[in-house]
1. Calculate the dipole size of region 176-293 relative to its Cα centre from +1 charges on Lys and Arg beta carbons and -1 charges on Asp and Glu beta carbons; express the result in debye to the nearest 20.
2. Give a residue-ordered list of calculated ³J(HN,Hα) values for region 124-130 (Karplus: 6.51 cos²θ - 1.76 cosθ + 1.60, θ = phi - 60°; whole Hz; x for Gly, Pro).
3. Report the convex hull volume per residue for region 157-272, counting only C-alpha atoms, in Å³.
4. Just want to confirm a number: the relative contact order over region 33-79, from Cα pairs under 8 angstrom separated by 6+ residues, in percent.
5. At 222 nm, what value in deg cm²/dmol follows for the chain if DSSP H runs of at least 4 each add -39500 (n - 2.57) and the sum is divided by all its residues, to the nearest 500?
6. Put +1 on the Cβ of each Lys and Arg and -1 on the Cβ of each Asp and Glu in the chain; which of 347, 322, 224 then has its Cα farthest toward the positive end of the dipole?
7. Compute the FRET efficiency between residue 25 and residue 1 as 1/(1 + (r/R0)^6), taking r as their Cβ-Cβ distance and R0 = 22 Å, and round to the nearest 0.05.
8. Computed FRET efficiency, Cβ-Cβ of residue 320 and residue 114, R0 30 Å: what is it to the nearest 0.05?
Amino acid sequence: MVPTLYLFDRFDERLGILPAVGGITHVEEVGGEDTIEFDCLAAPEKGERLLWRDPQDGCWREHVVVRTDEPLGAPAHVYAESSLCELLGDFVEEAQLVGKTATQALAAVLAHTRWTVGDVGVGATERGCLIYHVNALAALRRVEEVWGGEAEAVIAVSGGRVSSRTVDLPARRGTWRGARFSYGKTLAACTRTVLEDEVFTALYGYGKGLPIYDEQGVATGGFTRRLTFGSVNDGANWVGDEDARLVWGRWDAAREAKVHRFGHVVFPDCEDASELKALTLAALAAACEPRVSYEVDVAAVDGGAGVRLGDDVAVIDSSRSPAWHLRARCVRRVRELGEGAPSVRLTLGTVERTTWAASADVAARVTAVEETAATASDTVASYEDLGSEEF
């Protein structure tokens, strides 16, 4: 069914109902875009708000009109983003977050906005970072990177209008709902993509640059080389996977032995060698085999009708010998909400953290987000070995 779009002006005053011509396309990604597109006879104004109840997930969603295409004599086309995009208009001059929990950091960032802190599920570990001269959305993404978690907008409605806007920070969006998918050589309506990421069988890991102190113990303002973990790893500043070396390594100069393919990762906020080693091992688990994603119609997924963004899906890839048994993640969901049952297409596999620049038209508006995230490590692939699972 086509959800009802309740239209509000830029100041949250209700204007009425905006009828869509045809269906509504809702696109959402983990760590990326959350947009709707549709046609209508009367184009809304830029910045006006669309409130609608998701017919599948049962939750309220709010989107802001950012672009309209209005051809003469034809319906207008509307493109709207999640109302989290309003954080692009809130500015954080400086926030020195030292020894803060994720809840405290999120509260400090949202203090500059009308959003409030919701449920935080990343634990009470104290970390720190400096947030300086950025918009509030960039600051929110920075909190995700340092403290972990995946931010989610939660909209509450009362009396026919938005009563609260909350940001939840679960450690990981989605859950296991029992959905299963089998990929075979003759399966239609499915595309498997082996991503272009390099395969590395060993990784060097680097942490934060440590400050230099003078003889009196006063910081000089300079920094040493980045933290390494050789002190807790028998002197080696790298970790490797021997099984991966045999499959994905290369011959040495004499063609007598297979050697590692080396890469490196940087965790600019890590100050502990043991933690740095653990982070590097986690990154290696994702880097030592090709990243694969599957784009599939939900009808081909057993139990797929209930799959939401971030959920796990068991995958059996029988095109490989022996067959791969994976737990892939729903990292993108595209729904056509029209008359009858919705048409749904899922992308299962690797998290591609595209942020809001996934749409070229808004890339310029989120430059600050990309610059803030540039020094953070990439999100690792979300595959887990399901060899012990029965499905």
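The values are calculated or read from the model by the stated rules, or taken from the named source; none is laboratory data. If you're wondering where the values come from, they're calculated on a predicted model, not measured in any experiment. Cβ sites come from the backbone with ideal geometry, for glycine too, and all protein chains shown count toward neighbours. Just the protein is used for accessible areas: all its heavy atoms, side chains included, with ligands, DNA and RNA removed. Shrake-Rupley method; radii C 1.70, N 1.55, O 1.52, S 1.80 Å.
1. 760 debye
2. Result, rounded to whole Hz: 10, 4, 8, 9, x, 6, 10.
3. Per-residue hull volume (Cα only) is 314 Å³.
4. About 46 percent, as a whole number.
5. Calculated from helices alone, the mean residue ellipticity at 222 nm is -4000 deg cm²/dmol.
6. It is 322, whose Cα lies furthest towards the positive end.
7. Efficiency computed from Cβ-Cβ geometry: 0.90.
8. 0.05
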